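Notes to accompany the following structure.
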Amino acid sequence: MSAFTAPSCTKAISDEAKTQGDRQAICKCLKKALAIAGTYDKNRIPQIPKSCGVSISLPPVDFSTDCSTAITEYIF
């Protein structure tokens, strides 16, 4: 299994976030990954793309985020 870095992962997200459905799927995937991560500050999630040098926006995602509505406010 190959390792990946945050920038390559975020770049891949940026490349794949073309439709509303794509963005909702990314949100759901992010929720699953964060559930495994444990305790985190959801307000830091929107900082990830900037730290990785890509031009997308992420909402502050946590376990209660409704990806069908939350993601519509953010432009990828």
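The values are calculated or read from the model by the stated rules, or taken from the named source; none is laboratory data. Since the structure is predicted, the reported quantities are computational estimates derived from the model, not experimental observations. Methodologically, a virtual Cβ is constructed for each residue, glycine included, from the backbone with ideal geometry; neighbour enumeration extends over all protein chains shown.
Results for (1) aliphatic (A, V, I, L, M); (2) without any contact (Cβ under 8 Å) to a residue 40 or more places away in the chain, shown as yes or no for each residue.
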site: Cys27; (1), (2): no, no
site: Ile36; (1), (2): yes, yes
site: Arg44; (1), (2): no, yes
site: Gln47; (1), (2): no, yes
site: Ser57; (1), (2): no, yes
Inset, instruction - Sort out which residues of segment 1-58 are among the charged types (D, E, K, R), modelled with pLDDT under 85 and not in a loop (DSSP other than H, G, I, E, B), and write them in order of number. - result: Lys11, Asp15, Glu16, Asp22, Arg23, Lys50
